[in-house]
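So the structure is just underneath, and the comments pick up after that.
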Amino acid sequence: MHRQSLDTGRPRRGKASRLPFLIAGGLLTLVAAALIATALALPSGSDGVDDPASSASAPPTSGADFVADAETGDTDQWCYVHSAIPVGVVTSPVRAGRYAFKSEIRDGPLIYDTERSEYANGPGSCDKPMFRAGTETWTAVSVYLDAGFPEYSSWSLIAQWKEADGGSPPSQISVENEQLAILGADSLDPRPRFPFGTIERGRWIDFLVHHKWSTDQGIGFVEVIMDGELVLPKTFTRTMDNSNPLFLNVGQYRDLANSGTAVLYIDEVRVGPTRQSVAP
Ligand SMILES: [Ca+2]
């Protein structure tokens, strides 16, 4: 039966094959004519959708899920300010717009038993967890380390992706011995540590941190772009302690073994699903 159906099919295909060719030929002629007519109808310099000049000048699409650019002139874009030293927005330096956030810690004043000055979306009643298991996120953060920023011989953090139920943040940007690194939770052994650069004072540094969130070290990853350059290629690691979503803290938190007044400015914080969605 199989062979028979093949045999009977052959002449049918042969006979029928001329009709589609005729139809296709007619369609091609019509399409070609339409294209020529369209080309003739478009005036020179038309703002067609394919005009590269108009694409380049179009404003970037903003698909960020969270923005903290300080342009409200206060700290309302964050849930909390955890700082022993009173801080808020400043008008200089700024990365963009009119305002940036200031973070300051000094020897002595403590909050939650630590030297800390952070802008946070948790923990607490206004938690805004944004980083969920199985998702990828891009976090943009621009920071400016003041000219007098101390040199640290022990750990300090300038950004944390943290669980609301406490514990060591499963992803962090650390500053220690003048080195920048992504750290994993200190409950892990060995603790993930991915150095990606050295700090510079007195200028804005733009971080773009790309995560995939997972408790599985074969699925989770982190990637860092600093000042537009890929400084930490996609590196697989465990980025969550458990399946609870994480929130963002940006600002300073340091070991009491470090000392000195430390001032950091923060601007252009964005979180979104793609690099384009958080680009300044
Ligand atoms: Ca700003």
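One line per residue, one yes/no per condition, for (1) within 22 Å of PRO273 (Cβ to Cβ); (2) touching a His at 6+ places or on another chain (Cβ under 7 Å); (3) not β-branched (Val, Ile, Thr):
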{"position": "GLU115", "(1), (2), (3)": "no, no, yes"}
{"position": "ARG132", "(1), (2), (3)": "yes, no, yes"}
{"position": "THR137", "(1), (2), (3)": "yes, yes, no"}
{"position": "ASP146", "(1), (2), (3)": "no, no, yes"}
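Of the listed requirements (1) at pLDDT 95 or above; (2) crowded, with 17+ Cβ neighbours inside 10 Å, ASN177 misses just one: (2). If VAL94 satisfies every condition in (1) more than 29 Å from ASP165 (Cβ to Cβ); (2) more than 16 Å from the ligand (Cβ to nearest atom); (3) out of contact with any Lys or Arg (no Cβ under 9 Å at 6 or more places or on another chain) but one, which is the exception? Of (1) more than 29 Å from ASP165 (Cβ to Cβ); (2) more than 16 Å from the ligand (Cβ to nearest atom); (3) out of contact with any Lys or Arg (no Cβ under 9 Å at 6 or more places or on another chain), only one is false for VAL94: (2).
Of all positions in the stretch 81-90, at least one carries a residue that is without any contact (Cβ under 8 Å) to a residue 24 or more places away in the chain, touching a Phe, Trp or Tyr at 6+ places or on another chain (Cβ under 9 Å) and assigned by TED's automatic domain parsing to the domain that holds THR239. Against the numbered list (1) assigned to a strand (DSSP E or B); (2) over 25 Å from ASP267 (Cα atoms), GLY197 comes up short only at (2).
Residue by residue, here is whether (1) touching a Leu at 6+ places or on another chain (Cβ under 6 Å); (2) surrounded by fewer than 18 Cβ atoms within 10 Å (Cβ to Cβ) holds:
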{"residue": "VAL67", "(1), (2)": "no, yes"}
{"residue": "GLN77", "(1), (2)": "no, yes"}
{"residue": "TYR99", "(1), (2)": "no, no"}
{"residue": "SER103", "(1), (2)": "yes, no"}
{"residue": "ARG106", "(1), (2)": "no, yes"}
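Whether a residue is under 24 Å from HIS82 (Cα atoms), within 16 Å of the ligand (Cβ to nearest atom) and in contact with a Lys or Arg (Cβ under 9 Å, 6 or more places away or on another chain) was assessed, and LEU246 does not pass this test. Residues in the stretch 214-252 that are within 23 Å of GLU118 (Cα to Cα), crowded, with 23+ Cβ neighbours inside 10 Å and not aliphatic (A, V, I, L, M): THR239, PHE247, ASN249, GLY251, GLN252.
As a summary of the residue check, LEU157 satisfies the conditions (1) assigned to a strand (DSSP E or B); (2) within 16 Å of the ligand (Cβ to nearest atom) except for the one numbered (2).
Residues considered: GLY228, GLY218. Of these, the only one that is in the same structural domain as THR137 (by TED's automatic domain parsing), more than 18 Å from PRO195 (Cα to Cα) and without any contact (Cβ under 8 Å) to a residue 60 or more places away in the chain is GLY218.
The residue that is nearest to VAL209 (Cα to Cα), counting only those in the stretch 137-155 that are buried (at least 22 other Cβ atoms within 10 Å of the Cβ) and either among the polar types (S, T, N, Q) or more than 23 Å from the chain's Cα centre (by Cα) (or both), is THR139.
The values are calculated or read from the model by the stated rules, or taken from the named source; none is laboratory data. Only a predicted model underlies this, so the values are computations on that prediction, with no experimental measurement involved. Backbone-built Cβ (ideal geometry, glycine too); neighbour counts: all protein chains shown.
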